[in-house]
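Okay, so here's the structure we're looking at.
Values in this text are rule-based calculations from the coordinates and carry no lab data. Just so we're clear, the structure is a prediction, and the values are computed from it rather than from any experiment. Glycine gets a Cβ as well: all are built from the backbone with ideal geometry, and neighbour counts include every protein chain shown.
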Amino acid sequence: MTIKGKIIHYDEHSRLLSVMTMQGKKRIYLQRAMHQTHFKFLSPGIFIAARTQKGEAKRRRRHILKEMLTLRQPSQRRVKTLYSYRKVKTQTRDFINALDYKLFLDFEMSMHPYHKTKNFKQELIQIGYLLEDPKGNIIKKFSSYITPSKHKKLTKRTTKFLNLTQEDVDAGMQYHDFYVHFKTLLETYTPAIIVWGKNDALALKDSYRINKVKSLTKWTRFVNLLKLHKNYFNIKNDLGLKTAFEMYGNTLETQQHDAYEDAWMTKHVFDAFKAYLNDPVPTVNIPPK
C-alpha cells in the first residue's frame with residue numbers, strides 16, 4: 001500500500017509516525033533500521049510518500065514502513081526534496097561506476113575463548129585481497145596468515161571456527177611486516193577498500209592501537225558493500241556474504257571462513273551489483289526484507 005500525506009507527528013521512542021492523508025489519519029511504524037535512516041527528516045509539515053504493509057494481529061490498525069519513496073519540505077519559493085529513493089539509486093550507481101583502483105579486502109580475526117575475559121583483544125590473523133585496476137583487471141592477489149602480537153596462542157574457538165592450526169599462524173608474517181606491506185600497497189595505488197560489513201575496518205583500526213602504530217586508513221577510504229545493498233534494496237536485516245554471493249546466481253557449497261575466499265566472493269558480489277546497477281532491466285533474487 002502507498003501512503004501519501006503530511007506528517008503531523010513522529011514519536012521517536014515508539015517510532016510511530018502520524019500522517020494526514022486524503023483518506024484520514026494513518027499511523028506508520030518504523031523498524032529500527034528505517035528510523036536510523038530517516039528520523040532526521042520526520043518533522044511536522046513534511047510531505048511523505050511511502051510503501052507500507054499492514055501490521056499483524058493486535059497491530060493491524062497501524063502500517064509498517066516497507067520502503068520510503070520521497071520526503072519533501074514545502075516553502076514559499078519551492079518544494080525541497082529531502083529524500084528520494086530514485087535519487088539514492090542513481091547516486092549509488094554513479095558512485096560505484098566512478099571508483100578507480102579497488103582493493104577487495106577481508107581479514108580473519110582471533111576469537112575470544114568460550115568464556116570471555118576482559119583482557120582479551122581480538123587481533124588480525126589472516127589477510128586476503130584482490131587488487132583491481134580502473135579497467136577491471138586483477139593486478140595483484142595476496143593471502144597470508146598474520147602472527148598476533150598480544151595473544152600469540154590461539155583459542156580453541158578460533159582454531160575450530162576458522163579451521164586452521166596454531167602452526168599456520170605461527171608461520172605467518174609478523175604484524176610489522178604486514179603493516180609495511182599494507183602501507184606500500186595503499187601509497188602505491190590509493191585504492192577504494194571494498195569490504196563486506198564494518199568488522200574488517202574496525203579490526204584493522206584496533207590493530208593500529210594494539211601495535212602502537214600510526215593509522216594507515218581513513219573511514220572514507222572504505223566502501224561497505226553490505227551497507228550499500230541494505231540501502232539500495234531496503235533490506236532490514238544484515239545479509240551474510242555467502243547469501244549475497246548466491247543472490248546473484250553464484251553457488252558455493254561451503255564457506256571456508258578464509259580471508260582470501262571471502263575477498264574473492266566480495267569481488268564477485270561487487271561485480272554483480274555493478275552490473276545490476278547498470279542494467280536497464282535488472283533481475284536479482286532479493287532476500288525477504
(Q) Exactly one of these conditions fails for Leu124: (1) among the aliphatic types (A, V, I, L, M); (2) farther than 30 Å from Thr184 by Cβ; (3) surrounded by 16 or more Cβ atoms within 10 Å (Cβ to Cβ). Give me its number. (A) (2)
(Q) Looking for something of a type in the set (S, T, N, Q) and without any contact (Cβ under 8 Å) to a residue 24 or more places away in the chain - is there at least one such residue anywhere in segment 160-178? (A) yes
Q. So which pairs qualify, if the first residue must be in segment 228-256 and without any contact (Cβ under 8 Å) to a residue 40 or more places away in the chain, the second must be among the charged types (D, E, K, R) and in a helix (DSSP H, G or I), the Cβ gap must be under 7 Å, and the two must be at least 6 apart or on different chains?
A. Leu252/Lys242; Leu252/Glu246; Gln255/Lys242
Q. Hey, does segment 168-185 have a residue that's more than 25 Å from the chain's Cα centre (by Cα), buried (at least 17 other Cβ atoms within 10 Å of the Cβ), within 13 Å of Ile125 (Cβ to Cβ) and aliphatic (A, V, I, L, M)?
A. yes
Q: Quick one: which residue in Arg93, Arg62 is touching a strand residue (DSSP E or B) at 6+ places or on another chain (Cβ under 6 Å) and surrounded by 14 or more Cβ atoms within 10 Å (Cβ to Cβ)?
A: Arg62
Q: Only one of these is in contact (Cβ under 8 Å) with a residue 40 or more places away in the chain, of a type outside the set (A, V, I, L, M, F, W, C) and exposed (fewer than 15 other Cβ atoms within 10 Å of the Cβ): Tyr114, Tyr83. Name it.
A: Tyr114
Q: For Lys140, state whether it is closer than 20 Å to Thr217 by Cα and either in a loop (DSSP other than H, G, I, E, B) or not small (Gly, Ala, Ser) (or both).
A: yes
Q. Filter segment 143-173 for residues that are among the basic types (Lys, Arg) and assigned to a helix (DSSP H, G or I); which is farthest from His257 (Cα to Cα)?
A. Lys156
Q. Of all helices (runs of 4 or more DSSP H) completely enclosed by segment 178-289, which ones contain at least 2 residues that are small (Gly, Ala, Ser)?
A. 199-210, 259-277
